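Data block below; observations after.
Please treat every number below as a calculation from the coordinates, not as lab data. Here the structure is a predicted model, which means the values were calculated and not measured. Glycine also receives a Cβ, built like all others from the backbone with ideal geometry; neighbour counts cover every protein chain displayed.
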Amino acid sequence: MNIAIFFAVTAVALGALGAHALKEILTENQLHSFETGVRYQFFHALAILFLALNTEKFNPKLNRSLYLMTTGICCFSFSIYLLSLQGFLGFSLSFLGPITPIGGLLLISAWIMLFFSIKKQG
């Protein structure tokens, strides 16, 4: 549950940073990408929190879905943040480009695993 709270707090903080400080620094496309990372991080933080609060109601295989979501957020959102900020930071982080879709696949896999975990329950 702590990781969900950490992801939610940092999503709110990064969202505020993007809405105020970064608006003057990033291009429109970079800011849009940054905001996408924040949105995905926040939605998945809420999902992790809900699942963590209800683990006793779900199949034990649910933990795999939680691990995939956690890793997916780290890969997807954090790589987007860094890629969006690379111009501001002054050095290339383009090597992180392939990490973003891997994170997306991890998030998709987490939801599929969650679906089957809950379906077996019912």
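Entry note, the chain: the mean residue ellipticity at 222 nm calculated from DSSP H runs of n ≥ 4, each adding -39500 (n - 2.57), is -27500 deg cm²/dmol after division by the residues and rounding to the nearest 500.
When the chain is treated as a GNM with alpha-carbon contacts under 10 Å, the residue of Gly37, Gly97, Gly72 showing the greatest mean-square fluctuation is Gly97. Let a ≥ b ≥ c be the square roots of the eigenvalues of the Cα gyration tensor of segment 70-122; is it rounded (a/c under 1.5), or, if not, prolate (a/b larger than b/c) or oblate? Prolate, since a/c reaches 1.5 and a/b exceeds b/c.
Using Cα pairs under 8 angstrom and six or more residues apart, how large is the relative contact order of the chain, in percent? Don't jump to the answer; show the numbers that get you there.
Details: 126 pairs, mean separation 36.0, N = 122.
Result for the chain is 29 percent.
Distance between the modelled labels on Val9 and Leu49, one decimal in nanometres: 1.2 nm (7 Å Cα→Cβ projection). Compactness check for the chain: Cα Rg over 2.2 N^0.38 Å is 1.15.
Please give me the summed charge of the neighbours of Ala11: other residues whose Cβ is under 13 Å from its Cβ, Lys and Arg +1, Asp and Glu -1. Don't skip to the answer; put the middle values down first.
Numbers: positive: Arg39; negative: Glu35.
Within the 13 Å Cβ shell, the charges total 0.
Return one number: the angle in degrees, 0 to 90 and rounded to the nearest 10, between the long axis of the Cα atoms of helix 62-89 and the longest principal axis of the Cα atoms of the chain. Relative to the chain, helix 62-89 is tipped by roughly 0 degrees.
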